[in-house]
Ligand SMILES: [Zn+2]
C-alpha cells in the first residue's frame, strides 16, 4: 500500500539560528529563536501554530517551547527516535498530522548545544539499564563507543567489497567544503582545503580521518509545515512534501547492525527511498538537487546508491565525475552539509532543501530545481523526503 | 563530577579566558651587559654578539644585543617572590580553581616564543600577560585534564613589539584521584581506570557472568535450534521464549575492523582494534583483535580467541591471529 500523502502538506517557512561552537544560551533559547525565524519567514505568528514535531533526543519540551514562544493550544505533538535518523521523520510526523487534519500548522524543530554541551564524539556510556544501554554494552567494553568507530567499521567492509577508495570520500568532503566556504552562515565559511591537507588530518577511527567527520555544533533549525490551501496565502512559494518515508529494516540495531548476512549495506534507506518515490510518483531521474545526510563522508556514497542515482558500487565514479558540484548531475549539500555548515542533526538540511526548491540557496545551481531530496542519518532507522514546487 | 558539576566547573574556568595576569610593566633593570653575560654563561652560548663589545661594535648591528630568548627573564622577580610569595593574579587564581576541583597535577608542556625586534644595552623590556585559552577536557597520558595557555607580550620603551611567549600547562587529575572522583558510590577507590562495563539486565546478565568465568556462550532457541547473538528474550524465527546456550570455540574470521585513534578513553589500552568476527558457530561477535600490529589486521583474517582478564574489573574475549 502506498501512503496517500502527496502534496497534502507544504513547507512554508524555514529558519536557522547562528551556528557556533559555544552558543552561550540554552537549547530552549536556540529552539525558539529558530522557530521564530521560520515563522517570520512564513509570515505566520506563534498563535498560528497548533502542532510540533521534534526528536526524542531534543531537550526542549514542546510545552516549554510553546510557553516561551507564545503558542496557544496544541492538538498534536509527536517525536521521532534514533538520533539523526529522525531528521526527516519530523516532516513525516508533521505530514501525517496536517494530512489527516490532526493539526493545521506544525513546527518541526531541533536545537542542540552539540559542542559546548553534550558531545556525541564523547561516545556512549552504560549508566542506565535499558534495552538500549544493554545494546551498547556489547561494544563499550571493547572501546567501540563513538559514532566514528561504528561508521568506520561499516566503511572498512564497504570499501573492501566495492574497491572504492579514499578519493571518493575526499570528493564528498571536498565538495561540501567548497560549498560551505562560500556560505557566510557556514562554520567553515572562507576555509577550504586541498587533498594534501585532507590526507594530513589525524586519523579518528580507520579509515575515517578528521575531514571525513562532521562538526559538532551549537544551533537550532526549524521548519513550518501547513496545508496547501493555507500555504498559497503565505509569503513564500510553497514547497510541497511529495513523499516522506521512514524505515526500520529487519535485524536493525542502532549504529551497530553487524549481524546481517551482508552488513555493509543500508536496507532501511533503500526501503524508505522506494516508499518515498512511490508516494510521489517520481524517480531518481526527477530529482534535481539533494541534501544527503553527511555525518561522515562515506555515508553520502551509500545513500546515492540507495536512492538510485547510480548503481550499487558505482557511487565512487559518480561523485568523481563531479555529480555533487553546482553544475553536476545532482548538486548536493549546497549549504556545506553537516561536514562544513553545521551539525544540527539534519534539520538544517531540510532548511537547505527547501531553499533549493525555492531557488534561494546561497549556492543555487543554474538549472531549475523542481524537486530536491533530503535524507536522514545512516546506520539507524532512517528515512527521507522528496520536496517539490507546490504549483509546478 | 557529574555532567552538571562539570558544566559549572567549565563555566568557571572558561571565565578566566582573556583575563589579564599582569598589565604592561617595565622590567626593573634596563638591558645590561652583566645580566646578558650571566645568562649566556649559564646557557653555554658563546656567541660574541652577546659577550664581546668590540666584536659587536664591528658587526653589522653595530652594538651588543641581548639573546632574544632572554625576553622573559628581564621582568622576572627573584628573591622577593621566594621570600614573600607571589601576589595573587588571574593565573594563580585559575590554578587554585583547578586544584580545588581535584586537578592537582601540573605539567608545563611547552613554551613557544616569537621574536619581532632585537633589544640592545639600555633598552627597557616591558611585559604584559593574559590567560589566552583553555582547552576542552582531554584524556591525556597523565590523566583527565585541561590545557591552559598564557600569552606574554613584550615591547620596548618605544612601544615597539619585541616578541611573544606562549606557555602551555596541563592541569590534570592524577590517576589515583581520578578513580576516586569518578566513583559514584561507596566502592573502594580504584587505583587505575577500567574499561566501561556493560550494564547487566535480565536479557544479558547470564552472558557476561559466563564471560567472567572465561566462557563465551551463544544463545540457542530450544524449539528451532537457531543461534542468536546478541541475546534476546524471544526467538525471532519461531517466537519461542525457551532457550539454552552453547559454548563458542572462539575460532573466527574478521568481517570488518576499525582501529580506534581518537578520542583515547581512559581505561583502554592503545593501539586498539575492534572487529566484527564471524565465529565458527555462525554468529557474529564484536571484540578486540590483539597480538599483532594493527596494520596486519585484514578482512578475511583467521583468528583464535580466548577470554582474558583485561584489568581489575574486566574479563573479555580477545582474538589473536590464528
Ligand atoms: Zn526458535
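With runs of 4+ DSSP H residues as the only contributors, calculate the mean residue ellipticity of chain B at 222 nm using -39,500 (n - 2.57) per run, divided by the residue total and rounded to the nearest 500. Show your work: numbers first, answer last.
Working: 8 runs with 66 residues, N = 322.
So the helix-based figure for chain B works out to -5500 deg cm²/dmol.
Taking all C-alpha pairs of segment B:205-321, those more than 25 Å from each other amount to 28 percent.
Helix B:90-100 sits at what angle to the longest principal axis of chain B, using alpha carbons and giving 0 to 90 degrees rounded to 10? The helix B:90-100 is inclined about 30 degrees to chain B.
Return the average number of partner chain Cβ atoms within 10 angstrom of each residue Cβ along peptide B:280-289. Mind dumping the intermediate values first?
Values: counts 0, 0, 0, 1, 4, 4, 10, 5, 4, 1.
For this peptide, the per-residue mean of nearby foreign Cβ atoms is 3.
If one takes the longest principal axis of the Cα atoms in chain A, at what angle in degrees, from 0 to 90 and to the nearest 10, does the Cα axis of helix A:27-42 lie? Rounded to the nearest ten degrees, it is 60.
Taking 7 Å steps out from each Cα toward its Cβ at residue B:280 and residue B:100 produces label points 6.2 nm apart.
Please give the direction-averaged projected area of the C-alpha convex hull for segment A:15-161, in square nanometres with one decimal. Walk me through the numbers on the way to the answer.
Values: hull surface 45.9 nm².
So the mean shadow area of the Cα hull is 11.5 nm².
Computed extension length for residue B:269-residue B:8: 90.9 nm, one decimal, from 0.36 nm per residue of separation with the Cα-Cα distance subtracted. With R₀ fixed at 35 Å, the C-beta to C-beta distance from residue B:306 to residue A:367 puts the FRET efficiency at about 0.05. Remark: relative contact order (chain A) = 26 percent; criterion is Cα-Cα distance under 8 angstrom and separation of 6 or more residues. Normalising the average separation of contacting C-alpha pairs (under 8 angstrom, six or more residues apart) by the number of residues puts the relative contact order of segment A:339-388 at 31 percent.
Rounded, prolate or oblate: pick one for segment A:131-257, where a ≥ b ≥ c are the square roots of the eigenvalues of its C-alpha gyration tensor, a/c under 1.5 means rounded, and failing that, prolate if a/b is larger than b/c, else oblate. Intermediate values should be presented prior to the final figure.
On the way: a/c = 2.14, a/b = 1.29, b/c = 1.66.
Oblate.
Applying 1/(1 + (r/R0)^6) with R0 = 25 Å to the Cβ-Cβ distance of residue B:237 and residue A:248 gives a FRET efficiency near 0.85.
How compact is segment A:168-226 by the rule of thumb for globular proteins, expressed as Cα Rg over 2.2 N^0.38 Å? Walk me through the numbers on the way to the answer.
Values: Rg = 13.8 Å, N = 59, 2.2 N^0.38 = 10.4 Å.
Output field value: 1.33.
When you work out D = kT/(6 pi eta Rh) for the protein assembly as shown at 4 °C and 1.567 mPa s, using the Kirkwood radius from C-alpha pairs as Rh and the Stokes-Einstein form, the result is 45 µm²/s.
Report the calculated FRET efficiency for residue B:63 and residue A:195 (r = Cβ-Cβ distance, R0 = 41 Å), to the nearest 0.05.
Details: r = 50 Å, r/R0 = 1.21.
For R0 = 41 Å, the calculated efficiency reads 0.25.
Principal-axis analysis of the Cα atoms of chain B puts helix B:3-14 at an angle of about 20° to the longest axis. With a cut-off of 20 Å on the backbone N, the residues of segment B:1-43 near the modelled label site 7 Å out from residue B:116 along Cα-Cβ are B:18-27, B:31.
The alpha carbon radius of gyration of segment B:196-266, expressed as a multiple of 2.2 N^0.38 Å, is 1.35. Based on alpha-carbon atoms, the Kirkwood radius and the radius of gyration of segment B:1-132 give Rg/Rh equal to 1.10. When B:319, A:193, B:104 are sorted by how many other C-beta atoms sit within 10 angstrom of their C-beta, beginning with the fewest, the order is B:104, A:193, B:319. Relative contact order, whole percent, for segment B:15-128 stands at 50, derived from Cα pairs under 8 Å and 6 or more residues apart.
The ranking of B:277, B:310 from fewest to most other beta carbons within 10 Å of each one's beta carbon is B:310, B:277.
Arranged by the count of other C-beta atoms within 10 angstrom, fewest first, what order do B:125, A:25 take?
Details: B:125 24, A:25 16.
By the 10 Å Cβ count, ascending, the order reads A:25, B:125.
Expressed in nm to one decimal, what extension gain is obtained for the pair residue B:52 and residue B:298 from 0.36 nm per residue of sequence separation less their Cα-Cα distance? Mind showing how you got there, number by number?
Values: separation 246, 0.36 × 246 = 88.56 nm, distance 6.44 nm.
Taking 0.36 nm per residue and subtracting the Cα distance, the gain is 82.1 nm.
To the nearest whole percent, what portion of all C-alpha pairs in chain A is separated by more than 35 angstrom? Each step should come with its number before you reach the end.
On the way: 14020 of 76636 pairs.
Above the 35 Å cut-off, chain A has 18 percent of its Cα pairs.
Read-outs throughout are calculated quantities, based only on the coordinates presented, and are distinct from any laboratory measurement. Not measured: the values here are computed from a predicted model. No Cβ is skipped: glycine too gets one built from the backbone with ideal geometry, and neighbour counts run over all protein chains shown.
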